[in-house]
Structures are given as structure tokens and as C-alpha cells.
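A quick write-up on the structure given underneath.
The values are calculated or read from the model by the stated rules, or taken from the named source; none is laboratory data. All of these numbers come straight from a predicted model, not from anything done at the bench. Here the Cβ is made from the backbone with ideal geometry for all residues, glycine too, and neighbour counts use every protein chain on show. Protein only, heavy atoms only, side chains kept; ligands, DNA and RNA dropped before computing areas. Shrake-Rupley method; radii C 1.70, N 1.55, O 1.52, S 1.80 Å.
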Number of protein chains: 4
Amino acid sequence: MIKEREIENKIVKTNDIIITSNEVETKMEKVQEMSMIYRSAIKEITTKLEVLDGEFKVKRKRNPIEYIKSRVKSLKSIIGKLERLDLEVSCESARSNLNDIAGVRVVCSFLSDIYEIAEMLKSQDDITVIAEKDYIKHPKPNGYRSLHLVLEIPVFFSEHVEYVPVEVQIRTIAMDFWASLEHKLYYKTFEDVPISITSDLKECADVIASTDRKMQEIQRKVEKLN
Amino acid sequence: MIKEREIENKIVKTNDIIITSNEVETKMEKVQEMSMIYRSAIKEITTKLEVLDGEFKVKRKRNPIEYIKSRVKSLKSIIGKLERLDLEVSCESARSNLNDIAGVRVVCSFLSDIYEIAEMLKSQDDITVIAEKDYIKHPKPNGYRSLHLVLEIPVFFSEHVEYVPVEVQIRTIAMDFWASLEHKLYYKTFEDVPISITSDLKECADVIASTDRKMQEIQRKVEKLN
Amino acid sequence: MIKEREIENKIVKTNDIIITSNEVETKMEKVQEMSMIYRSAIKEITTKLEVLDGEFKVKRKRNPIEYIKSRVKSLKSIIGKLERLDLEVSCESARSNLNDIAGVRVVCSFLSDIYEIAEMLKSQDDITVIAEKDYIKHPKPNGYRSLHLVLEIPVFFSEHVEYVPVEVQIRTIAMDFWASLEHKLYYKTFEDVPISITSDLKECADVIASTDRKMQEIQRKVEKLN
Amino acid sequence: MIKEREIENKIVKTNDIIITSNEVETKMEKVQEMSMIYRSAIKEITTKLEVLDGEFKVKRKRNPIEYIKSRVKSLKSIIGKLERLDLEVSCESARSNLNDIAGVRVVCSFLSDIYEIAEMLKSQDDITVIAEKDYIKHPKPNGYRSLHLVLEIPVFFSEHVEYVPVEVQIRTIAMDFWASLEHKLYYKTFEDVPISITSDLKECADVIASTDRKMQEIQRKVEKLN
């Protein structure tokens, strides 16, 4: 009977570095601690979003937040990204070079909701905005649309405070629909994807974006009726 | 500040019928019991879907289930529907006339996933299929698309078994996107909606449906690559 | 079947005051908003405790936190308490006079864990300690034991920050065992409880307290072995 | 950066068997599938208990269920137990020899609740009772008390039904208090524990058991008052 993660270990072992069991244990503890820190930061940001969500439910006619998801980047993806960027592969290197180890996704109803939620987070006292990228005004070449914020938040541990960056992606349901399927399609594809597929996907992204604008227009017309 | 219990326990005037507090309490208990029975049936169906979801995560390259939601129809909606159908307004009447008091929604990635999930549920030993409506092949006039099943499931209580119907709606993310926004748009609109808006929404539904077919095609092409 | 909304929207007779449905609706909204504010504060404190819990799991040999529960005081209890204290019965009065509308309970393994957790919360930058009562050193006459803190915490809403008090009760499992059963026993008892029962319960509380001290001693002895 | 579970791998590697990466992958998949099957069975049993819990909340003066916990036995414990029993270490061996891979714990208020819950589960149509051990009437030598049932339940997967055993442990809060602390005390103790500690713990278990009986008596007296 074999340990679940043996396979990922093989990746490590191919580095041709022999490490002693003490070293393994120390490194393992470091990885677990890193993961725990980012999970804690995700909890804090998610709580802030749930507080807003709770307020909207009680005080607004319409709640702009559809749902909230989150994830800590897997060790495999962290290692992959560090290698692609030609950076040292270590916890210290990950923590100082990567801003998307903790990720939170907010899915909104309409286009305008995205910017409203973003402003609410950015204006909170204990949050520092580290970076902002607007892939809605400037979509990625493959058709990807979303607003990305990197926010730094204080997390209180038993003996010290830590300031941790969290990437917050804010999208409409339609953008999330496209991104989820795009991710599913490419997830286990190791071969080159023919250009015909890439351009079909890009076309779908554009149709979806125009549907988003159409739905926003309808929403504004309906709001005027009330 | 109004005393919650006060409202229930004292004399309440509704529909010009004065009822005593004992009667109110008995009726409230019946409503609570009815709601509990449907909540239990939802739990059983949801567990069946979570079991499938867990299996897909481990055994399939791609999980067809995106997410699962559920709700018990609100008392207000139950009463509204009974009145619209010109039926007696009582718990007994609701239980024998309405099949959608317990509702579960399964959101899938691609069109073909919908029918696959439906087949899996329908083939389970302890489930009886009461009704099936395919609003994908035959969309509603407003553009609504989904597959609806009414499934009856046994629920084991402390002293007896109850066979409870649950409406299961199965859709793609794109269908859910349209239906969520459509619901939001009309939620608090009491005035007549101009025909221009209705036809705009219908048009969006059709564009989304064709995007769904497009994404399914892309998915099939990608699958062939692997 | 009684229409839930009906009850709220129509004329309700309470305390011999006839109030119009508009007044009821305004008051219901105020109650809902009050409840939402305290639920949010509970989320913030609970998240802080979950962050500590997560840290203990990774960095300590033994996690002092067994479980965390929370509740917003029911409207019925709020009204009851305001009446007992001979205070005005209104949301404003509740918010300025009661410190236990939001309640969080932390259940720990051993006696010494209680004070350690309390210190961790009290030392956090964004928390203000409003009150502290040690019912362990000074048990209530009925035998009740727990450490009570009232902590004020900032909650960020869409347009303003609110400083909200939360009562945090910290206990061992044994204290929680006694308190849970005591609460269950008296919950629906309206008659006077004979003194023989009260003194039996007090006796159980004392036996449990001495078992707690005994378990702490054993824990210290075991710790020295490692 | 090192994989989290390297340490458990070392246990595997000390078996002096060199396995190829294909073999690892196959075995890894088997372990994941086994774990998924038991998680599914836990979900089914937990749902049955939640249905009862929901019924008690609505229909009873007092809910006998305090809380429900569950776990799938860790790979490390499974291997440990198979080795201790001198059995083959494989998924097949685990599945046919161990009945406690899936474990559910029900914590009740009073002694009599334990047997009532047990009867409700045992009488359900789709459940088969495989084994029953009453460690309340016959406590283990160290003082451990609980009622253990092994129940077999059908789980519907996408293409077949599987009959899976689940160990259900039913206890009072007091029994759970003792067992939790006992587990914590010994968890990381590799040295021999002096007999003085063992007998202290046994003594605590007996005091707790007599407190349980005392609380049950009080409960009966209070019930008569109502």
C-alpha cells in the first residue's frame, strides 16, 4: 500500500539531490506552515466578503455577489511557476516572489458589480492594495476576462502578526462560465492545441462578453421600471 | 421591536378570519413539520449527488458536476402557487398537489453531462421517477432551458418511512447564468415588463444556448486530442 | 396554513397597541439589520479563532481548542432580558445595553488552555477588551464555571465601519458538558425546581470541576514523559 | 521543497521493495478509490443521522443528539492495524478485514439516548447490522465506555452499488470528554506510561461514568416536573 503523494515525490527526487530524513521533516514542516499562513489569509478575506454579502442580503434589493470560491495554490503549481520564472525553488522564494499563492474568486451578477465590490475591498482600513490588473478592459489574448487585485491583509497568529498577500479575482457569472470550461478543456492536454480550437474559444469568449453587456443593459432598463 | 413569538401566539387576523392562538400554534407546527420532511428529502438526494461527485473526482478525467444547490419552496411561494392553481390552501393540499416543494439544482459543464447525470439518478434502486420535462429540447417561451425530473425517495424517520418527491433541475452553467439573471431581473418587478425587454432576454437565451453547443463541440475536439 | 408574511404585513395586535403594517415592516427591518451586524461580528471573531486553531494544528503537539460554537441571542431572549432589567424594549436599547447579543463559545481540552486562549485574543491589535468575568475562580451559585470576555471588534460594511461587542465564553469540555445538560434540564421547565434537584446539579458541577483538575494533573505528568 | 507525505513514504520504502512508478500510480489510485468509497458511506450514514436530528428539533421537547463527527481511518493507521493483526498489507486485505475504516461518532446528552439512537439506526430497512459491542455495560480495562455498531449500507455509484461497513460509536458527552482527553494524552507518547497515570485515568473514567448516571437521574426527575 503506497502513500498518496508518492508521485509528487518523484518530481522532487528527480532533482538528483539526496536529502536526509531530518531535512525532509524540516522542509515538510516549512511547507505545511506556509500553506497554513495562506489558508488563514484566505479566511480573513473571505470573512470580509461574507460580511458584505450578509449586508447586501438585508439592505439591498439585489445582492451583487453570486458566490465566493477560494484555493491555496498546490505545491505542484507553485514549483511549476517558480521553475518557469527561473527562480529558486523554496518556500522563502515562493513567499517573496509569488502573489497568487492565496486566491479568492468573487462571482458577480452584472459587469458594474465587479467594480463596486473592488472599491469596497480597496477602501477598507486594514487592507493594502499591492497590485491591480483589469483584464476586462484589456482581455488576455485567449479571451480571458476578470478584474485581478492583490490585497495584503494582517493575520493574527498566537505570537505575531503576519501581512499576507491574497489575489482576488472578480468576474461576472458569464466570465466565470468561459474560464471554468477553458480550464477544464486544457487541464490534461499535453499536446499542442490546434489554432482552430484556440480561435473557436476566443470567439466564444467574445460572444459571452457581448451577452454580459446586453444583460447589463436589460438590468438597467428593468431597474428604471421599479 | 416586535416580539416574534408574540406575533404567533397572540390573536392574528388574516383573511378576515379570527383564529385563536392555539389554532395558530397547531398550524405553525404542521408547517414546520412539512418543511422538515422536505429538507430531509433534499439531504438524501444531495448526498446521492455528492457520492457521484466524489466518484467523478477520483475516477474521471473531468467531473461533469460543477455545483449543487437546493432550497425548500418558501411558504409564500407555496401559498401563491396553490392560489394560482385554485387549490385549497393547506399543508395537506400542498403535499398532495405540489411536486416542487423540495428542489435540487445540479449545474453541469457541458450539454451531454445533463443527460448522463439524469440517467444515473433515474437508475438508482430506491428512487422512483414521478415525472420528467425536457425544457432543453422544448425551451419555455421566455427562453428558459433545463431538464426537470421529479424523483420520489424514501426518508427514514424515527418511527416511520416517508416517500417524498423532490424536483431535480439539471442545467449547464450557461443555462444557469441566464436563469439566475432572469430571476434577479423580475424578482421585485410588479409592473408589466415591456415587450422589448422580454424579447431582448429571449434573444440572450438563444445566444447562450448556441454558445453552449459551441463549447460542447470544442470539448469533443479537445477530448480527441488526448 | 398561516401566511408567514401575512402575519408580519397585516395588522398585529401586541401589548394592546395597534400598529400599522408600515410600522411593523420598518421595525422588522431594524431587527434584521441588528441581527446581521452581530452575525458579522461573530464571523470576524470566529475567523480569528479558526486562524489560531489552524496554527495550533500545524505548529503544536496538541491543539488546545476542541471546538467553537456561536449564536446570536434570539429576539425572545433579548426582549426578556431588557424587560427583566427594566429597560426600554427597542433595538437601540438592546444595542447600547446588552453585551451578549453576539456570543462565541470556545471549548478547550484542559483548564490552563482557557487562560492561554484568552490572552491570545486580548493581545490582538484590533480587539478592545470591554469586560472580563472569571466564573472559574468564582463559580456561580448553581455551579456554573466559564471564563467570560466581552471583546469589541471593527466590522467593515459597504459604507462604514461598526465597532461591535461579542461575548466570548471559554470553557473546558467538562464545564461545557455540565452547562449543556443544565441548560437542557431547565429549558422548558416553568414550574419551580425543588431544592433537591438544584443541589444535586451543584454537586455534579463540583465533581466535574475536580475531575478537570485531575485531568490537568495527568496531562502535566504525561507531558513530562515526552 | 518537499512533499508533505514523504515521511509516510519512508515507512513504505523500508519494506525493501523497489516498485516502479507505474506500480506506484496504480496503487495510489486504488488507495484513493478505497478512501472515496468509505467517505461516501460516511456521508450516507451521516445523512440518516441528520434526518433524525432534524426530526428531533421539530418534534421533540429535547434533542438527544448533541453532535455528530466522522473520519476515514488514515492510511498510516490502516497499515499499522493490518501489521499488528499480522495480515497482508493491501487495499483488498484492508477492505475485507477491517470494519472501522469508516467511522461515525454520535454524541448524546444522556445514557438512555444512546440505546434509543442505536435502535433507530438498526431498524432502518436498508441497513444491515454486522456487529455490536457494548463497552458501556462492559467497559474496556482502561475505562473506555461507548456503544459500537458496525452497520452495512448500500452506496450507489455511477455504474454499480457497493455495500460498505461503517463503525458507529454512540456515547454521552461525558464519555466523549474522557475519550478525547485520553486520546490526546497518549497521542504522541512512545515511552511506557507509568501505572500510576493509567490508574489515575481509569479512576477519572469511573467518576465520569457515575456523574453520567447522576445526570440521567436528575433528568428523569426534571422530566416528571413538566
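With the helix formula -39500 (n - 2.57) applied to DSSP H stretches of n ≥ 4, the protein assembly as shown reaches a computed 222 nm mean residue ellipticity of -18000 deg cm²/dmol. Calculated FRET efficiency, residue A:124 to residue C:133, Cβ-Cβ distance, R0 = 35 Å: about 0.60 to the nearest 0.05. Computed 3J(HN,Hα) for the range D:74-91, one whole-Hz value per residue from the Karplus formula 6.51 cos²θ - 1.76 cosθ + 1.60 where θ = phi - 60°, is 5, 4, 4, 5, 4, 4, x, 5, 4, 5, 4, 7, 6, 10, 4, 9, 7, 4, glycine and proline marked x.
Counting from the shortest, the label point at residue B:28, 7 Å from Cα toward Cβ, is 1.4, 5.6, 5.7 nm from the same position in each remaining copy.
Farthest toward the positive end of the dipole of chain A, out of A:168, A:37, A:218, is the Cα of A:218, where the dipole comes from beta carbon charges about the Cα centre. Here chain C has 49 percent of its accessible surface on carbon and sulfur atoms, given a 1.4 Å probe and all protein chains in place. What's the Cα-based Rg to Rh of the range B:139-226, Rh via Kirkwood? Using Cα coordinates only, the ratio equals 1.16. Distances between placed amide hydrogens fall under 5 Å for residue A:132 paired with A:150, all partners being 5 or more residues away or on another chain. D for the range A:78-119, whole µm²/s, Stokes-Einstein with Kirkwood Rh over alpha-carbon pairs at 20 °C and 1.002 mPa s: what number? Roughly 171 µm²/s, to the nearest whole number. Across all directions, the average projected area of the convex hull around the alpha carbons of the range B:46-86 is 4.1 nm². Roughly what % of Cα-Cα distances in the protein assembly as shown sit above 50 Å, to the whole percent? Value for the protein assembly as shown: 23 percent of Cα pairs lie more than 50 Å apart. When the charge dipole of chain B is built from unit charges on Cβ atoms (+1 for Lys and Arg, -1 for Asp and Glu) and taken about the Cα centre, the candidate among B:22, B:158, B:142 whose Cα reaches farthest toward its positive end is B:142. For residue C:66, the residues whose modelled amide H falls within less than 5 Å of its own, excluding neighbours fewer than 5 places apart on the same chain, are C:107, C:108, C:109.
Placing a label point 7 Å from Cα along the Cα-to-Cβ direction at residue B:71 gives distances to the equivalent points in the other copies of 2.8, 2.8, 3.9 nm, listed shortest first.
If you build the Cα gyration tensor of the range B:99-141 and take the root of 5 times each eigenvalue, what three semi-axes come out, in whole angstrom, biggest first? List each step's numbers first, then the result.
On the way: eigenvalues 68, 47, 23 Å².
Values for the range B:99-141, descending: 18, 15, 11 Å.
Per residue of A:47-56, count partner chain C-beta atoms within 10 Å of its C-beta, then hand back the mean as an integer.
Shielding by partners across A:47-56 averages 6.
Annotation: residue B:120 carries an accessible surface of approximately 20 Å², with a 1.4 Å probe and no ligand, DNA or RNA atoms counted.
With the alpha-carbon atoms as the only input, what is the per residue convex hull volume for chain D in Å³? Please list the in-between numbers first.
Details: hull volume 40.0 nm³, N = 226.
So the per-residue hull volume is 177 Å³.
Sorted from shortest to longest, the distances between the residue B:90 label points of this copy and the other copies are 4.5, 6.4, 7.7 nm, with each point 7 Å from Cα along the line through the beta carbon. Karplus couplings for the range B:100-116 from phi (6.51 cos²θ - 1.76 cosθ + 1.60, θ = phi - 60°), rounded to Hz, Gly and Pro as x? Here the 3J(HN,Hα) series is 10, 5, 9, x, 10, 10, 10, 9, 10, 6, 10, 3, 5, 4, 4, 6, 5 Hz. What fraction of the DSSP beta bridges in the range D:28-225 is antiparallel, stated in percent and rounded to the nearest 5? Looking only at bridges with both residues in the range D:28-225, the antiparallel portion is about 80 percent. Scalar couplings 3J(HN,Hα) for the range C:47-64, obtained by applying the Karplus form with A = 6.51, B = -1.76, C = 1.60 to θ = phi - 60°, are 4, 4, 5, 5, 5, 5, 4, x, 5, 4, 4, 8, 9, 10, 5, 9, 8, x Hz; x denotes Gly and Pro.
Across peptide A:169-179, the average count of Cβ atoms from other chains found within 10 Å of a residue's Cβ is 3.
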